Ligand SMILES: [Ca+2]
Ligand SMILES: [Ca+2]
Ligand SMILES: [Zn+2]
């Protein structure tokens, strides 16, 4: 679990490059789930705090911190038009990008400013496409499903998570064994992705906020990989939406805590406080909050 802390300083990109669009919908969906099922956010916070506690306990345990975690991935491509049925090569490229960034082998680490170099780290997490499906049959780790025709008009609605629905999309493979990544045309076209973090409430009824069948990541099809022929937006090309959303899936929050103050943050000590606005421009000169004892600039690298 120490990896959770390391991860906060090892993912480098500016996903929120345009204040007018909502690139990541994770926080909004968490708020929605709290409204639907009171206590959801507390369950998420409990898992997060427990993970931090374990990480602190294991800080001196070298064998644990040196281990590499391997995450089995299945992509569920759900399409209503041919362009949305993105090729295997793009999905394989996305896995390569994940393994590059989560091992801190990305070339843009040279842009990490000196003040943040001491906390930048290899997260020690690698990803691979599943080779066996839930029934024990061989698979290439990619499923392809034709979505319900009614989806073709507006796209999949994140609010109802309908890309994971049996009648409109594709149901999850067991979420305790696979990282499910759904790929499709997300509602409005301005949401690049969303994810659900661990929530530690296994006994709530199916269909409620904590339904394990909804765990995983959803990506807009045109935000996947770095080699897609028609990326949704050149400013966010490069397969970094998946890197970002999987961070949420592992439990990380936006470093500004989805607030516009300097009080609520991500709960991680090695990322300085920041206000939302400072993240949107990726401006290295912004210092939106006064930190103590050392006042760092906003960590736009993260
Ligand atoms: Ca922080
Ligand atoms: Ca600061
Ligand atoms: Zn996000």
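The values are calculated or read from the model by the stated rules, or taken from the named source; none is laboratory data. Values in this document were obtained by computation on a predicted structure and should not be read as measured data. All Cβ positions, even for glycine, are placed from backbone atoms using ideal geometry, and neighbour counts span all protein chains on display.
Out of the residues in region 254-302 that are in a helix (DSSP H, G or I) and within 16 Å of ligand 3 (Cβ to nearest atom), which is farthest from residue 25 (Cα to Cα)?
Within region 254-302, the match that is farthest from residue 25 (Cα to Cα) is 278.
Would region 152-174 turn up any residue that is loosely packed, with under 15 Cβ neighbours inside 10 Å, under 21 Å from residue 251 (Cβ atoms) and either over 21 Å from the mean Cα position of the chain (by Cα) or in contact (Cβ under 8 Å) with a residue 24 or more places away in the chain (or both)?
yes
Examine region 141-157 for a residue that is touching a helix residue (DSSP H, G or I) at 6+ places or on another chain (Cβ under 6 Å) and within 30 Å of residue 66 (Cβ to Cβ), and state whether such a residue exists.
The answer is no; no qualifying residue exists.
For the structure I just gave you, tell me whether residue 247 is within 15 Å of ligand 3 (Cβ to nearest atom), at pLDDT 90 or above, surrounded by fewer than 20 Cβ atoms within 10 Å (Cβ to Cβ) and under 20 Å from the mean Cα position of the chain (by Cα).
no
Quick one: which of 283, 276, 298, 258 is at pLDDT below 90 and either crowded, with 22+ Cβ neighbours inside 10 Å or closer than 19 Å to residue 197 by Cα (or both)?
Unique residue meeting the criteria: 258.
Answer yes or no: is there a residue in region 171-186 that is part of a loop (DSSP other than H, G, I, E, B), farther than 25 Å from residue 45 by Cβ, touching a strand residue (DSSP E or B) at 6+ places or on another chain (Cβ under 6 Å) and modelled with pLDDT of 90 or more.
Yes, some residue in region 171-186 is part of a loop (DSSP other than H, G, I, E, B), farther than 25 Å from residue 45 by Cβ, touching a strand residue (DSSP E or B) at 6+ places or on another chain (Cβ under 6 Å) and modelled with pLDDT of 90 or more.
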